């Protein structure tokens, strides 16, 4: 073996050793990462941000954040949290909410790679508002094939957005007709 090959093997060995140290210490220092994205223990009860969508027929649906934004599933929760919970720009929040609900109602998207498909409103309805709610999931109580609702419990509503639009409010003549 010549010196070049020995140098290459030594360099490779050093990279593997450094990566191993980062993995064991659970630290990230570019370009070395702990590779812990999918290899960690989930607590028995874990909190999760969920979106409760409200439609024009009075119905509600609890969905994961990735069902309402056309971004990678792992970015959706943080994006909603930054805009509506941590953010304090009311105009930006309203623009974001209007755009999000219009996109869900008018231009739903299909799944592609790490972007999940959008939730669709029920036939004859439109989404008119939503709430960001912190839910608690009892992971250890889940039974294969059961509905997710069987292990979820709402903790607190972090924000609530309900948009008034011509489609969601009855026309004045309908309101007068119902009053008599």
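The listed peptides 95-104, 115-124, ordered by packing as a protection proxy, come out as 95-104, 115-124 (highest mean of other Cβ atoms within 10 Å first). Distance between the C-alpha centres of the stretch 113-132 and the stretch 1-75: 26 Å, rounded to the whole angstrom. The fewest-to-most ranking of 22, 54, 162 by surrounding Cβ atoms within 10 Å reads 162, 22, 54. To the nearest 10 degrees, how steeply does helix 90-106 sit against the main Cα axis of the chain, on a 0 to 90 scale? Helix 90-106 and the main axis of the chain meet at about 80 degrees. Working note: 222 nm ellipticity from helices only, DSSP H runs with n ≥ 4, each -39,500 (n - 2.57), summed and divided by the residues of the chain, gives -10000 deg cm²/dmol to the nearest 500. Pairing the Cα long axis of helix 3-25 with the longest principal axis of the chain, what angle in degrees results, from 0 to 90 and rounded to the nearest 10? Result, in degrees: 50.
Highest-first packing order for the peptide set 8-16, 132-140 is 132-140, 8-16, based on the mean count of other beta carbon atoms within 10 Å.
Per residue, the average separation of C-alpha pairs within less than 8 Å and at least 6 apart gives the chain a relative contact order of 22 percent. Modelled spin-label separation between residue 2 and residue 19, with each label point placed 7 Å from Cα along the Cα-to-Cβ direction: 2.7 nm. The residue 44 and residue 85 beta-carbon pair, evaluated with R₀ = 25 Å, returns a calculated FRET efficiency of approximately 0.50. A simple spin-label model places the labels of residue 62 and residue 107 3.2 nm from each other, with each point 7 Å out along Cα-to-Cβ.
Which label belongs to the value computed from this structure, given these candidates for mean projected area of the Cα convex hull in nm²: [x] 13.8; [y] 17.2; [z] 11.8? Read-out from the structure maps to [y].
No lab work stands behind these numbers, since they all come straight from the coordinates. In this text the structure is predicted, and so the values were computed from the model without any measurement. Heads up, the Cβs are rebuilt from the backbone with ideal geometry, glycines too, and the neighbour counts pull from every protein chain shown.
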